[in-house]
Amino acid sequence: MALLLLLLSSILISMLHWSSGQPSPGYYPSHRFKPLPGFYHGYSSLWGPQHQTVSGDQSSVTIWLDRNSGSGFKSNRPYRSGYFAASIKLQPGYTAGVITAFYLSNNQVHPGFHDEVDIEFMGNTPGKPYRLQTNVYIRGSGDSRYVGREMKFYLWFDPSADFHNYAILWNPDEIIFFVDDIPIRRYPRKSENTFPTRPMWMYGTIWDASSWATDRGKYRVDYRYQPFVARFTRFIIRGCSAYAPASCRQAPSSQSGSGLSPQQYAAMQWAQSNYMVYNYCMDPKRDHALTPECSG
C-alpha cells in the first residue's frame, strides 16, 4: 500500500511538471520594476533575528525554523498600494506543519481586527507537491469576524529546486497574485466591506503551524528534520507608502495600467484550470452569506 501511494504521488508530481507549458502573460512586472538596492533599504528584522542571515551585499536573506524559534522580517514603511515581490526558494523534503509566508498585514496596528493579503506555502510530506495558498481577509482575524477567502494551487514547477518570483499587487480597485508573472488570482473590489483599504506592511516569515498547515494538522512539524529554511532574494517594492502624497502613481498591473489584459486573463485561466485545487467560493460547506463577492 505504501509503495502504491508513493507511485501515485510520483505520477502526480510528474503530471504537474510535464503538463501544458507555461503561457506568456505578455506583461512582466517582475522585470519592469527595479529590485531594491539592498534588503535593508526596504525591510528590517521583525523577530527571530538569530534565525536569519542577510548576505553581505544585502541581495538576499535566509530565514529558518527550528525547535527554538522561527523568524520574520517586515517592511520599513506601511503602504496604501503597491507591487510587492520576491524570489523565493523553499525547503525540500519533509516540511509538514511549516508555513513560509510572504504577505501584507496591519495586525500590529489593528490586533484582532486587521486586514491581510497572503501568499503562504503549506508544508508537505515527501513525495507530495507544495501547495500555495492565497488568502484575503478584512477587518478581523482569530475571532467571530474571521472570514477566510482562500484559493489554493499546486505549482507547475518544484519551488524547492530553484528561485521563483511571487508577487502581490494591491491597489484601490483590485488585488492580483502573481507566480513568475502569471496572474493566478484576481480579487476585485466589489464593496467597502469586502476589500482591505487601510495601510499595510509587507512581511516574510517562517513558523510552526502544526495545528492546521498540513492536512488540517494531521502531519505536524518534525524537528528531526530541522532547520527548515526559506531563502528570499530580488526584493521589489513599487508602491505608495502611507505617507506619500495623493499624486503618488500606483503600480500598473498590465500594459494599460489597471486590470488584466486578455493575454493575462488567458494565462490566469490556464493556471486556475490546471493547478487550482481549492476555491472558497465553490465550497458548499462555507456560509456564502459571509462572502457576498462570490455571488457576482
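The values are calculated or read from the model by the stated rules, or taken from the named source; none is laboratory data. Everything numeric in this text was worked out from a predicted model, so none of it was measured. For neighbour counting, all protein chains shown are included, and Cβ atoms are generated from backbone atoms with ideal geometry for every residue, glycine included. Side chains are part of the model used for accessible areas, which takes the heavy atoms of the whole protein and leaves out ligands, DNA and RNA. Shrake-Rupley method; radii C 1.70, N 1.55, O 1.52, S 1.80 Å.
All conditions but one from (1) open to solvent by less than 30 Å² (accessible area, probe 1.4 Å); (2) free of Cβ contacts under 8 Å to residues at least 24 places away in the same chain apply to Met122; the one that does not is (2).
Screening Gln226 against (1) touching a strand residue (DSSP E or B) at 6+ places or on another chain (Cβ under 9 Å); (2) open to solvent by 60 Å² or more (accessible area, probe 1.4 Å); (3) more than 30 Å from Gly93 (Cα to Cα) leaves a single unmet condition, (3).
Restricting to segment 168-207, what's the tally of residues that are charged (D, E, K, R), modelled with pLDDT of 95 or more and not in a loop (DSSP other than H, G, I, E, B)? Total satisfying the criteria: 3.
Taking the conditions (1) in a loop (DSSP other than H, G, I, E, B); (2) within 25 Å of Lys285 (Cβ to Cβ) in turn, Asp162 satisfies each one other than (2). The residue that is nearest to Arg149 (Cα to Cα), counting only those in segment 250-271 that are surrounded by fewer than 16 Cβ atoms within 10 Å (Cβ to Cβ), of a type in the set (S, T, N, Q) and modelled with pLDDT of 95 or more, is Gln269.
Scanning segment 80-97 for residues that are open to solvent by 10 Å² or more (accessible area, probe 1.4 Å) and in contact with a helix residue (DSSP H, G or I) (Cβ under 9 Å, 6 or more places away or on another chain) gives Ser87, Gln91, Gly93, Tyr94. For segment 132-152, the criterion of being in contact with a strand residue (DSSP E or B) (Cβ under 9 Å, 6 or more places away or on another chain), at pLDDT 95 or above and farther than 20 Å from Arg186 by Cβ is met by no residue. When Leu132 is tested against (1) open to solvent by 30 Å² or more (accessible area, probe 1.4 Å); (2) touching a residue at least 40 places away in the same chain (Cβ under 8 Å), only condition (1) is not met. In segment 65-79, the qualifying residues are those that are among the charged types (D, E, K, R) and within 15 Å of Phe235 (Cα to Cα), and the one that is surrounded by the most Cβ atoms within 10 Å (Cβ to Cβ) is Lys74. Residues of segment 158-179 that are farther than 20 Å from Thr95 by Cβ, of a type outside the set (A, V, I, L, M), buried (at least 18 other Cβ atoms within 10 Å of the Cβ) and more than 11 Å from the chain's Cα centre (by Cα): Trp170, Asn171.
When Ile11 is tested against (1) loosely packed, with under 12 Cβ neighbours inside 10 Å; (2) among the aliphatic types (A, V, I, L, M); (3) modelled with pLDDT of 95 or more, just one condition goes unmet, and that condition is (3). Only one of the listed residues (Phe235, Phe195) is at negative phi, free of Cβ contacts under 8 Å to residues at least 60 places away in the same chain and crowded, with 19+ Cβ neighbours inside 10 Å. That residue is Phe195. With respect to the stated conditions, Ser247 fails to be touching a residue at least 12 places away in the same chain (Cβ under 8 Å), polar (S, T, N, Q) and either over 30 Å from Asp57 (Cα atoms) or open to solvent by less than 80 Å² (accessible area, probe 1.4 Å) (or both). Just to be sure I understand the filter: pairs with C-beta atoms under 9 Å, separated by 6 or more residues or on different chains, first member in segment 43-65 and at positive phi, second member assigned to a strand (DSSP E or B). Which pairs pass? These pairs meet every condition: Gly48/Ile63; Gly48/Trp64; Gly48/Leu65; Gly48/Ser71; Gly48/Gly72; Gly48/Thr205; Gly48/Ile206; Gly48/Trp207.
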